[in-house]
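Throughout, read-outs are computed from the coordinates displayed, never taken from laboratory work. Quick caveat: nothing in here was measured; it's all calculated off a predicted structure. Because the Cβ atoms are built from the backbone with ideal geometry, glycine has one as well, and the counts that use them run over all protein chains shown.
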Amino acid sequence: MPAIKKQLLKNMKRFQKNKFVSVLILFFPLFVLGQNAQQISITGTIDSLSLQQILQKVTSSYPTVLKAQEAINSADAAIGLARSGYYPDISGQAGYTRLGPGSKLSIPMLGSFELYPQNNYNAELDVRQTIYDFSKTSRNVKMEESGKSVSEKSVELVKQKLNLVTVISYYTLVYLQEALKINDAQLDNLKDHLAFITKKKETGSATQYEILSTQVRISTAENQKVDIQAAIKTQQASLNSLLGFPVNTDLKVKHTLALGNYGINDDSLVHFALEHRYEMIVAGLKEEHAALHLKVVKVQDNPVLDAFLSGGLKNGFFPNINALTPNFAAGVGLRVPIFDATRRKNTIRLANVEINVLKQETEQTRREISSEVYQNEAQLTASLQKIKQSEMQVKQANEALALAKVSFSSGVITNLDLLDAETAASESEVTLLKAQTDYAISLARLNISLGKSVY
């Protein structure tokens, strides 16, 4: 008996080291996912969602996208505000004033005259229009239009980043769903073996060691199932959060893994990415916006030529000072700043600093994109090699399992040897599934790093 217990403990350790789904495999992509999204009233089970459906839902309803779209509305308002310089400023006013004491002028033989009415009434309409402001308004409009372009591309940039997070979440859930199926199949097989060995022991052709070893394997597989189910719930919560569903929604996704290619010559990947990545496009637009801001600053102290017209009804005019009389005033004016306490000079310095900072940010973005593309390409190549190796491993494991079944039927090997072969076959299937999932995620990463759409 001590020898059996010693062998059993050794067997347990061996199987703990060779779990067909390890904790690292289960949780390998989970750490990159966010947990913030709006919720809508959807409950129950949602089956067979495709990647395209999920991406469309996320990119149309996620709060960061909606927030970025509001920036476009803000830019439209800013453009309208800048264009207001082209339009006249019109205002109306009316008033009553009581003056006292009254003053009179007496002239011999002509009588007395009031110098002004004590009750004064006034109603007027004032119009002021800029005739020429030496490009101040036009440059402001161009700058705000440039800001709108930045906001529009920023929306696409937000969607691009959300796409990556969503793709990783989707493929992770695909992997876990399939891993659970493999685990269930292994558990069913182990239980069949246990029933078979139990019957053999009743006839004296099997030992208690074989039964205990099989029970250990079942316990290990059941623990693995608990880990997988917990990982699925965690991943469903992440994906539900992105979709805006209640986090406890039982979400299912289609078993699809993109195993295509990026369709671009390896030598031109970086060049393609620098031309198509929204980060580079936004960086370029920000530089243009800063340059336009500098032009606006340079003309802020330019003269302004405007005209004004005021007309209405008012009393106090001779000869009948109490009668309401139509009146008007019109003219032109030129405002020329002479000294602005060095505000223009320092504002220009700040604008130049902003341009220089944005140039450095553009260069930093260029370097980061180049490095990201190179790393993603390397990971994709490695994943493809792992798929080929895993496919060979699955083939070899299945061939070994077929031979093990024949040998077990012939009595050459024991039940435990057959279980070893079956476990190796299950492990090889999970390894291949992980390699395919890694490849799908790496392909999505590379496509997004190139500025391409993932669907």
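Listed by chain and number, the aspartates and glutamates whose alpha-carbon sits under 16 Å from that of K233, ignoring those within fewer than 8 places in the same chain, are D47, E178, D250. Magnitude of the charge dipole for the stretch 291-395, about its Cα centre and with charges confined to Cβ atoms of Lys, Arg (+1) and Asp, Glu (-1), is about 120 debye. The orientation-averaged projection of the convex hull spanning the C-alpha atoms of the stretch 102-152 amounts to 8.4 square nanometres.
Report, in listed order, any pair from K252/K434; K159/K295; K395/K434 with a Cα-Cα distance greater than 21 Å.
Values: K252/K434 18 Å; K159/K295 32 Å; K395/K434 16 Å.
Pairs exceeding the cut-off: K159/K295.
Given K142/K359; K57/K254; K161/K181; K286/K452, which pairs have Cα atoms separated by over 27 Å? Numbers along the way, then the final one.
Working: K142/K359 20 Å; K57/K254 16 Å; K161/K181 31 Å; K286/K452 22 Å.
Among K142/K359; K57/K254; K161/K181; K286/K452, the Cα-Cα distance tops 27 Å for K161/K181.
What helices does the chain have that are whole DSSP H segments, at least 18 Å long along their own axis by Cα, and with mean Kyte-Doolittle hydropathy of -0.5 or more? Those that pass (Cα extent of 18 Å or more, hydropathy at least -0.5) are 63-83, 136-202, 208-243, 278-298, 415-449.
State, to one decimal in nm², a quarter of the convex hull surface area for the C-alpha atoms of the stretch 311-390, i.e. the direction-averaged projected area. Show your work: numbers first, answer last.
Numbers: hull surface 58.5 nm².
Projected area, direction-averaged: 14.6 nm².
Entry note, the chain: relative contact order of 24 percent, from Cα contacts under 8 Å with a spacing of 6+ residues. The H on the amide N of E114, modeled in the peptide plane, is under 5 Å from the matching H of L105, each at least 5 residues off or on a different chain.
Can you give the % of DSSP beta bridges in the chain that are antiparallel, to the nearest 5?
On the way: 35 of 38 bridges.
The answer is about 90 percent antiparallel.
Taking max minus min of the alpha-carbon positions on each principal axis, the stretch 349-430 gives extents of 90, 18, 10 Å, largest first.
Size of the stretch 80-167: Rg and Dmax of its alpha carbons, in Å, are 29.7, 103.
Normalised by the number of residues in the stretch 38-182, what is the relative contact order in percent for Cα pairs under 8 Å and 6+ residues apart? Let's see the in-between values first.
Details: 117 pairs, mean separation 46.9, N = 145.
Across the stretch 38-182, relative contact order equals 32 percent.
Just so you know, the Rg over Rh for the stretch 387-455 is 1.29, from Cα atoms, with Rh as the Kirkwood radius.
Let me have the relative contact order for the stretch 383-455, percent, based on Cα pairs under 8 Å that are six or more residues apart. List each step's numbers first, then the result.
Details: 47 pairs, mean separation 30.9, N = 73.
So the answer I get is 42 percent.
Using only the alpha-carbon atoms of the chain as identical scatterers, what base-10 log of I(q)/I(0) does the Debye formula give at q = 0.14 Å⁻¹? After summing over all Cα pairs, the log10 values are -1.27. For V253, the residues whose amide H sits under 5 Å from its own are S48, L49, ignoring neighbours fewer than 5 places away on the same chain, with H placed 1.01 Å from N. Distances between every pair of Cα atoms in the stretch 137-183, grouped in 5 Å steps from 0 to the bin holding the largest one, split as 5, 18, 13, 11, 11, 9, 8, 7, 5, 5, 4, 2, 2, 1 percent.
Which value results when the Cα radius of gyration for the stretch 194-346 is divided by 2.2 N^0.38 Å?
2.81
The dipole here belongs to the stretch 152-220: it is taken about the Cα centre, uses +1 on the Cβ of Lys and Arg and -1 on the Cβ of Asp and Glu, and is about 80 debye. Here the stretch 162-273 yields Rg over Rh of 1.24, to two decimals, using C-alpha coordinates and the Kirkwood radius. Projecting the Cα atoms of L173, Q208, V226 onto the charge dipole of the stretch 167-227, computed from C-beta unit charges around the Cα centre, puts Q208 farthest toward the positive end. Rounded, prolate or oblate: pick one for the stretch 53-117, where a ≥ b ≥ c are the square roots of the eigenvalues of its C-alpha gyration tensor, a/c under 1.5 means rounded, and failing that, prolate if a/b is larger than b/c, else oblate. Prolate. Rounded to the nearest 500, the helix-only mean residue ellipticity at 222 nm of the chain stands at -22500 deg cm²/dmol, with each DSSP H run of n ≥ 4 adding -39,500 (n - 2.57).
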